[in-house]
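Computed from the coordinates by the stated procedures, all read-outs in this text should not be read as laboratory data. Keep in mind that this is a model prediction, so the values were computed, not measured. As a convention, Cβ positions derive from the backbone with ideal geometry for all residues, glycine included, and neighbour counts pool all protein chains shown.
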């Protein structure tokens, strides 16, 4: 049984109340098609459980396989530094087919973030170290591919359709 | 599942093709830790994920001075294309002729299937196996066990 080795901290990207009885952590890659498929499912799961669920997203880009994944993750971290992580996160998954520098700049503009600043951050790889830390923490926790979910610290193995996640979360909350 | 060689066993030497005109032997890597990752087949989905993961973790392996070698019964041209398409930055060895000979020596050959187990070995710098793990064929074993074994190697 693989366990989450890196506890949730305020540095994480968190939706929900820290006192929520169930904590769902996703390790994801913005260019991974399976993560793209999981994206609306997670939204439905969040709506379904409401205040009972806290959701955390961590980066796990497979850069060699997905050449746009790292840049997208860095853009999300840039947005996070300006308090707009989730808007960028949603924008990236909702436009996954168009991933690339143009989209990152366009999303930044839509979120009223500085386009020159995000350009600099991407060029200087300003957020690369944080993303690598997420990635390595994932590796040590048994993240072998994406998306990987942890429910209250235990890795969720198997399918991640809405019904599967709901059932696993219900079981964890008993 | 096969009985793979365990810790304390001297790692059987080999010399296998890594490119059509180049061979690599385990002996050549003496002095460095070696990670041997046997896997069933180049293009099967789980393998792809496993090798893609190792590709990304490679710099962590290198921090321990370790060399990673992938190994399967696929031929050298198949490996070549697989490595190219997936941008793999570590060698893939062809245990192709006699088929699976090295995998058999490590106890990592599936006789009924005719391909390798998904088996991992961490070999220390003097050529002794220090850790090994055989994963169910359909399960990606990840990199955590390898990293832990490298950390526990005597300096």
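Here is how the numbers come out for the structure above:
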{"read-out": "Shape category assigned to segment B:97-140 from the gyration tensor of Cα positions, a/c cut at 1.5", "value": "oblate"}
{"read-out": "Burial ordering of A:1, B:51, fewest other beta-carbon atoms within 10 Å first", "value": "A:1, B:51"}
{"read-out": "Calculated FRET efficiency for the pair residue B:32/residue B:77, C-beta based, R₀ 30 Å, to 0.05", "value": "0.60"}
{"read-out": "GNM result for chain B, Cα springs below 10 Å: residue of B:41, B:15, B:119 fluctuating most strongly", "value": "B:15"}
{"read-out": "Angle in degrees between helix A:69-81 and the longest Cα principal axis of chain A, rounded to the nearest 10", "value": "90"}
{"read-out": "Cα-based helix-to-principal-axis angle, A:33-49 vs chain A, degrees rounded to 10", "value": "60"}
{"read-out": "Prolate/oblate/rounded label for segment B:66-124 (Cα gyration tensor, a/c 1.5)", "value": "oblate"}
{"read-out": "Estimated FRET transfer efficiency (residue A:170, residue A:44; beta-carbon r; R0 25 Å; 0.05)", "value": "0.95"}
{"read-out": "Relative contact order of chain B, defined on C-alpha pairs under 8 angstrom at six or more residues apart (%)", "value": "35"}
{"read-out": "Contact order relative to length of segment B:57-107, as percent, for alpha carbon pairs under 8 angstrom and 6 or more apart", "value": "37"}
{"read-out": "Contour minus Cα-Cα distance for residue A:18 and residue A:112 (0.36 nm per residue)", "value": "31.0 nm"}
{"read-out": "Label-to-label distance, nm, for residues given as residue A:5 and residue B:9 (7 Å Cα→Cβ offset)", "value": "2.6"}
{"read-out": "For segment B:1-136: rounded, prolate or oblate by the Cα gyration tensor [a/c cutoff 1.5]", "value": "rounded"}
{"read-out": "Between helix A:101-110 and chain A: long-axis angle, C-alpha atoms, 0 to 90°, nearest 10", "value": "80"}
{"read-out": "Residue-averaged [θ]222 nm for the protein assembly as shown, counting only DSSP H segments that reach four residues, each worth -39500 (n - 2.57)", "value": "-12000 deg cm²/dmol"}
{"read-out": "Inter-part distance where segment A:12-85 and segment B:48-102 are each reduced to a Cα centre, Å", "value": "31"}
{"read-out": "DSSP-defined beta bridges in chain B - what % are antiparallel, rounded to 5", "value": "70"}
{"read-out": "Share antiparallel - DSSP beta bridges, the protein assembly as shown, percent rounded to 5", "value": "65"}
{"read-out": "Estimated FRET transfer efficiency (residue A:154, residue A:128; beta-carbon r; R0 41 Å; 0.05)", "value": "0.90"}
{"read-out": "Fewest-first sequence of A:106, B:56, B:97 by Cβ atoms within 10 Å of each Cβ", "value": "B:97, A:106, B:56"}
